[in-house]
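A short write-up of the structure that comes next.
What follows is calculated from the coordinates using simple rules that are stated; it is not laboratory data. Remember, predicted model here, so these are calculated numbers, not experimental data. Using ideal geometry, Cβ is built from the backbone for each residue, glycine included, and neighbour counts are taken over all protein chains shown.
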Amino acid sequence: MSSNANKPVGVFDSGLGGLTVAHAIKQLLPSESLVYFGDTAHLPYGDKSEGAIINYSRRITSYLLDHGAKMVLIACNSASASAYSTLKKEYGEKLLLLDVIEPVIDHIAAKNYSRVGVIGTKRTITSGSYEAGFKKKAPDTEVVSMPTPLLVPMIEEGFIFDDISNAIIRTYLSDKKLSGIESLVLGCTHYPLIRNQISKFYNFDIEVVDSARIVALHLRDKLMENGLLNEEKQTSADRFFVSDYTPYFEKIAKMFFEGKDISFSIADIWSD
Ligand code: DGL
């Protein structure tokens, strides 16, 4: 075990979506501590350009490292699609950097589906990252992808399990493009919060894949491979930073990490 193993795992997203992955990490690896950044000042990333997301991701990665992170997980599909390869090149071997798209593609590739749907933000879908990944790892699987841009603002505003969210989800998923799929990939880390409603739309008949647990398992393997898995008791409290205060972020963070020792602060990293 490396001397860095008891340092926190760095995780970031544009907002609260990455909390779905952070929560799965804590469930699987309770000894790990987290330092989380939600870039709520720039949310949604899905509407931003690739260049802007690279800049945000670069700055946040360095912030997480300054706050002691032993590695960084990009817990956002839009940032994984836009910034992962650039940051990977920039940091090289110096940093264990993980994304959320690759582990999901590996998971689906093993299932031999003939037709798979992917929903995500405009940025993620237009990047073609899922198509490219499937082409490489599951060339016989037909992929149909569709942007669902209203879902992130809807979730960030707390519209889940109600008539508004039902109407929006129904409208998107009824699109002919998605007909006949055997599995639907939730290509956005916000979507696990509405996973039940989505599964219900399909009468629980198809596999609805969310990245949270898949990514947590992948992260555990990578920590082990790199001697970074913390085998001792959690030493520091989980820390959550946001670039702008949103009440719903705090509510969801408290819901996910209820009873845990967490600290929540606003970090204005864009004005210095
Ligand atoms: N959770 C982010 C993702 O996985 C949300 C993107 C957004 O802010 O639009 O893509």
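Quick notes on this structure:
- Peptides ranked, highest mean first, by Cβ atoms within 10 Å: ranges 196-203, 184-191: 184-191, 196-203
- With 0.36 nm allotted per residue and the present C-alpha distance subtracted, the N226-K137 stretch has 29.6 nm of extension available.
- Extension gain, D244 to Y202, is 11.5 nm, computed as 0.36 nm per intervening residue step minus the present C-alpha separation.
- In degrees, nearest ten, helix 163-173 long axis to first principal axis of the chain (Cα): 70
- Globularity index of the chain is 0.96 (Cα radius of gyration / 2.2 N^0.38 Å, N = number of residues).
- Percent RCO, i.e. relative contact order, over region 171-213, from Cα pairs under 8 Å lying at least 6 residues apart: 48
- Candidate aspartates and glutamates - alpha carbon under 14 Å from K177, same-chain residues fewer than 8 apart omitted: E142
- Simple spin-label estimate for S31 and L217 gives 2.1 nm between the two label positions (7 Å along the Cα-to-Cβ direction from each Cα).
- Cα gyration tensor shape for region 135-251, rounded if a/c is under 1.5, else prolate or oblate: oblate
- Length-normalised contact order of region 129-224 in % [C-alpha pairs under 8 Å, at least 6 apart]: 24
- Cα-based shape type of region 57-189, given that a ≥ b ≥ c are square roots of the gyration tensor eigenvalues and the cut on a/c is 1.5: oblate
- Its relative contact order, with pairs defined as Cα atoms under 8 Å and 6+ residues apart, puts the chain at 28 percent.
- Summarising the amide proton neighbourhood of L98: residues at separation of 5 or more, or on other chains, whose placed amide H is nearer than 5 Å comprise V72, L73, I74.
- Rounded, prolate or oblate (a/c below 1.5 giving rounded, otherwise prolate when a/b exceeds b/c) for region 13-110 by Cα gyration tensor: rounded
- Summed side-chain charge close to A109 - residues other than A109 whose Cβ falls under 11 Å, Lys, Arg +1, Asp, Glu -1: +1
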